[in-house]
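Right, one structure below, let's go through it.
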Amino acid sequence: MKVKHYHKEYDSYKTERQWALEGFLVAENVEGIELLPSKQSKQPCKYYKPDEVRPATESELQAFFSPKKKDAENRQGHIVRLG
């Protein structure tokens with residue numbers, strides 16, 4: 001599997017979350033490509049090129065990020081404090 005960092009042709013590729021942070025969402029019916037983010041990575045990530053994304057509305061971005069915020073809040077609620 002290719003490592004993104006070492007291939008210049010993948011410089012403009014980003015993960016779904018990276019695109020969302022810039023105001024874009026992955027378009028429908030695109031496949032993307034799985035790459036390793038770095039040489040030390042064992043888990044590949046799916047990357048999308050600029051022509052596989054579309055501008056997102058504010059409500060779409062809120063919907064995209066809201067489940068992740070809820071997951072983070074739930075994890076914080078389960079922290080066990082020692083001492």
Report, by residue number, each residue of region 2-16 that is in contact (Cβ under 8 Å) with a residue 24 or more places away in the chain and either basic (Lys, Arg) or at positive phi (or both). Lys2, Lys4, Lys14
Here is a list: Glu9, Glu28, Glu34. Which entry is more than 11 Å from the chain's Cα centre (by Cα) and part of a strand (DSSP E or B)? Glu34
Since Lys68 meets every condition but one in (1) within 15 Å of the chain's Cα centre (by Cα); (2) open to solvent by 100 Å² or more (accessible area, probe 1.4 Å); (3) modelled with pLDDT under 90, which condition does it not meet? (2)
In region 20-40, which residues are in contact (Cβ under 8 Å) with a residue 24 or more places away in the chain and in contact with a helix residue (DSSP H, G or I) (Cβ under 9 Å, 6 or more places away or on another chain)? Ala20, Gly23, Phe24, Leu25, Val26, Ala27, Leu35, Leu36, Pro37, Ser38, Lys39
Quick check on my filter: what residues within region 28-40 are closer than 13 Å to Val53 by Cβ and open to solvent by less than 30 Å² (accessible area, probe 1.4 Å)? Gly32
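Filter region 12-25 down to the residues that are among the aliphatic types (A, V, I, L, M) and in a helix (DSSP H, G or I) and list them by number.
Looking only at region 12-25, we keep the residues that are among the aliphatic types (A, V, I, L, M), and these are 20-21, 25.
Selection gives Ala20, Leu21.
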Reported set for region 41-64 where residues are surrounded by fewer than 13 Cβ atoms within 10 Å (Cβ to Cβ) and either assigned to a strand (DSSP E or B) or touching a residue at least 40 places away in the same chain (Cβ under 8 Å) (or both) is Pro55
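Consider Leu25 carefully, then state whether it is modelled with pLDDT under 95, open to solvent by less than 30 Å² (accessible area, probe 1.4 Å) and among the hydrophobic types (A, V, I, L, M, F, W, C). First the steps, then the outcome.
Values: modelled with pLDDT under 95: no; open to solvent by less than 30 Å² (accessible area, probe 1.4 Å): yes; among the hydrophobic types (A, V, I, L, M, F, W, C): yes.
No, not satisfied.
The values are calculated or read from the model by the stated rules, or taken from the named source; none is laboratory data. Not measured: the values here are computed from a predicted model. Neighbour counts run over all protein chains shown; Cβ positions are idealised from the backbone, glycine included. Keep in mind that these areas ignore ligands, DNA and RNA; they rest on the heavy atoms of the full protein, side chains included. Shrake-Rupley method; radii C 1.70, N 1.55, O 1.52, S 1.80 Å.
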